[in-house]
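One structure is given here, and the rest of the page talks about it.
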Amino acid sequence: MDSLPTPSADSPASPGSGTSQDGRTRSEALRHALATRVVVADGAMGTMLQAQDPSLEDFENLEGCNEILNVTRPDIVRSVHAAYFEVGVDCVETNTFGANFAALGEYEIADRVHELSEAGARIAREVADEFTAATGQQRWVLGSMGPGTKLPTLGHAPYAVLRDAYQRNAEGMIAGVPTRCWWRPPRTCCRPRRPSSAPAAPWTPPVPNCR
């Protein structure tokens with residue numbers, strides 16, 4: 001894959017300022033970039049992870065639970081983020097699309113939403129900061145929040161349970177310091193009650209704004 005052209009300096013913050021650049025400055029820089037140029041994000045995460053043929057042991061015998069790799073094989077997750085940054089993307093999404101009550105509940109590990117969300121965000125943040133420092137091109141992390149598979153309207157799970165799980169998802173990613181949380185419902189959400197549970201959660205106290 002050919003590399004993307006490196007954008008010119010386009011934010012008030014100096015690129016690659018690393019430790020002096022806090023989350024608020026990163027968010028401001030991202031908003032400025034979105035308003036002034038095309039910002040390129042990464043592509044598929046799941047297929048990139050599967051291409052590296054993780055073992056059943058890597059999945060802690062929970063085959064297909066990609067979020068588990070954030071703690072068992074962070075090297076694989078890092079390599080995916082690095083591959084996208086190497087071709088010049090501006091943003092990567094965290095490996096946390098399934099870190100919610102519905103998806104993790106199917107593996108009977110719904111209690112690990114916060115742990116896996118934080119781990120995924122920290123991996124992406126570390127790789128983004130490394131590439132920012134090495135190339136001088138600002139890179140961002142989008143905290144990925146997937147819609148899950150449970151519908152309150154069909155009695156799959158109570159609305160409050162889904163809302164609170166999204167809050168733990170957001171709290172975990174905030175602890176891992178993404179630039180923004182990125183909730184993606186369109187292709188897989190078909191009922192309004194499920195989408196409403198996610199936007200209600202990350203901005204409900206005590207969760208602060210994403211950094």
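The values are calculated or read from the model by the stated rules, or taken from the named source; none is laboratory data. Here the structure is a predicted model, which means the values were calculated and not measured. A quick note on method: Cβ atoms are made from the backbone with ideal geometry, for glycine too, and the neighbour counts reach across all protein chains shown. These accessible areas exclude ligands, DNA and RNA; they are computed on the full protein's heavy atoms, side chains included. Shrake-Rupley method; radii C 1.70, N 1.55, O 1.52, S 1.80 Å.
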TODO: Test Ala160 against the stated conditions and say whether it is without any contact (Cβ under 8 Å) to a residue 24 or more places away in the chain, open to solvent by 10 Å² or more (accessible area, probe 1.4 Å) and not in a loop (DSSP other than H, G, I, E, B).
DONE: yes
TODO: List every residue pair whose Cβ atoms sit under 6 Å apart, with the two residues 6 or more apart in sequence or on different chains, where the first one lies in the range 133-152 and is farther than 23 Å from Ala44 by Cβ and at pLDDT below 95 and the second, anywhere, is part of a loop (DSSP other than H, G, I, E, B) and open to solvent by less than 20 Å² (accessible area, probe 1.4 Å).
DONE: Lys150/Ala157
Task: Selection from the range 121-156 of residues that are among the small types (Gly, Ala, Ser), open to solvent by less than 10 Å² (accessible area, probe 1.4 Å) and under 22 Å from Asn100 (Cβ atoms) - done: Ala121, Ala124, Gly143, Ser144, Gly146
- [ ] Could you look through the range 73-127, keep only residues that are in contact (Cβ under 8 Å) with a residue 60 or more places away in the chain and of a type in the set (S, T, N, Q), and pick out the one that is nearest to Val177 (Cα to Cα)?
- [x] Thr94
